[in-house]
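The values are calculated or read from the model by the stated rules, or taken from the named source; none is laboratory data. As the structure is a computational prediction, the values presented were derived from the model and not from experiment. Reconstructed Cβ throughout: ideal geometry from the backbone, glycine too, with neighbour counts over all protein chains shown. We work out accessible area using only protein heavy atoms, side chains counted, and drop any ligands, DNA or RNA first. Shrake-Rupley method; radii C 1.70, N 1.55, O 1.52, S 1.80 Å.
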Amino acid sequence: MSWQKSVVALAAAVVLPLTGVMAGSSVADAPRGTYAAAALPPGSPAAVNGQLKVCGVKLCNKNGKQIQLRGMSTHGIQWYSQCVKTASLDALANDWKADILRISMYIQEGGYESNPRKFTDMVHGYIEEATKRGLYALVDWHQLSPGDPNHNTARAKTFFKEIAQRHKDKTNIIYDIANEPNGVTWSRVKTYAEAVIPTIRAEDPDSLVLVGTHGWSTFGLSDGRNINEVSQNKVNASNLMYTFHFYAKDHRDSYLNALRTVSSQVPVFVTEFGSQEASGDGPNDFTMANKFISFMKEAKISWTNWNFSDDHRTGAVFNSGTCSGGNFAGEGVLKEAGKWVRNHIRTADDF
């Protein structure tokens, strides 16, 4: 189920100009503090819905109305930052009509741990880019290996303190503090969450916080655990949701049934899924994926799809080589999975 990306040598990405960044330079190269705070465009998803709140087991907008957000996850920004630029984000907001951008920042595997300043600044920039387009910015602390999030507690506190300090006045920020805990018990994940969340709350008492569940964010199902462990031992925090991940070719009805069960017990946000195998590659199973999509629509479970890049795998939405150009709109640049998920995102919001 987890996205296992082998660390490969990639050419240095050249990103088209983003907020405060000169043409030809990467977001990673932008000096600290060069990103001017963006404002939400009137009528955009984040402007219409405002500050998100958990109401019961649902996600609600500023007016207390239950909503469903739909959008895309970036690939790991240490590998595919060239796919997150002006033209691609414009297409996501205006052509795809997405509500949310998940910013996938790996911690190990050449990510945050290797250069905390660089990756923190990249995330600052992406938050502003999402904001200026009226998208929710889901900051994904993409811990994966090692699977115990407690390995990165100190790093997480440092990172989220700065992110929350700078963006606490935004109403479109979402913090996801642990991507896919694995090989670890739920009680250990809960311990980590209750250590990190107060750091965020000290700066930003209002914004939505997400926490991954054990078994690669399957509520323990992929580890053979009891999926009711989370509901029986909830994290002691407010305005919190728990994440669930699935890949439809490998994760069949037992996972859909698990999602039905856990989402009736606690608030759930599907922050990563695909129509392919758990590797993010292989054949698509749109029939099974549509079963998940239909249920998430019915239950108003928000989601972000993996992934918004031109990686060679079938789960990357763009044809290989697309990110080196400037055209990201329409179906012509998309793989089959890209066409499928774009069509689902483009269906009218029920706000």
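When the stretch 183-211 is limited to residues that are among the acidic types (Asp, Glu) and closer than 19 Å to ALA137 by Cα, the one that is modelled with the lowest pLDDT turns out to be ASP206.
Selection of the stretch 84-103 for residues being under 22 Å from TRP303 (Cα atoms) and touching a Leu at 6+ places or on another chain (Cβ under 9 Å) yields VAL84, LYS85, SER88, LEU89, LEU92, ALA93, ALA98, ASP99, ILE100, LEU101, ARG102, ILE103. Taking the condition open to solvent by less than 10 Å² (accessible area, probe 1.4 Å), within 26 Å of ASN343 (Cα to Cα) and β-branched (Val, Ile, Thr), does VAL84 pass? Against the criterion (open to solvent by less than 10 Å² (accessible area, probe 1.4 Å), within 26 Å of ASN343 (Cα to Cα) and β-branched (Val, Ile, Thr)), VAL84 qualifies.
Looking only at residues of the stretch 255-270 that are under 20 Å from the mean Cα position of the chain (by Cα) and assigned to a loop (DSSP other than H, G, I, E, B), we find that the one that is surrounded by the fewest Cβ atoms within 10 Å (Cβ to Cβ) is VAL266.
When residues in the stretch 271-281 are screened for being outside any loop (DSSP other than H, G, I, E, B) and either β-branched (Val, Ile, Thr) or more than 16 Å from the chain's Cα centre (by Cα) (or both), 1 of them pass.
Here is the figure for the stretch 328-351: residues that are assigned to a loop (DSSP other than H, G, I, E, B) and either open to solvent by less than 50 Å² (accessible area, probe 1.4 Å) or not hydroxyl-bearing (Ser, Thr, Tyr) (or both) total 11. Contact map, the stretch 37-58: first residue over 21 Å from TYR126 (Cβ atoms), second residue modelled with pLDDT under 95 and in a loop (DSSP other than H, G, I, E, B), Cβ cut-off under 6 Å, separation 6 or more or different chains; pairs are VAL48/PHE351. Filtered by the rule that a residue be of a type in the set (Val, Ile, Thr) and free of Cβ contacts under 8 Å to residues at least 60 places away in the same chain, the stretch 275-320 gives THR287, ILE293, THR314.
When residues in the stretch 299-327 are screened for being part of a helix (DSSP H, G or I) and more than 30 Å from VAL54 (Cβ to Cβ), 3 of them pass. The residues of the stretch 293-346 that are among the aromatic types (Phe, Trp, Tyr) and in contact with a Ser or Thr (Cβ under 7 Å, 6 or more places away or on another chain), listed by number, are TRP306, PHE308, PHE318, PHE328, TRP340.
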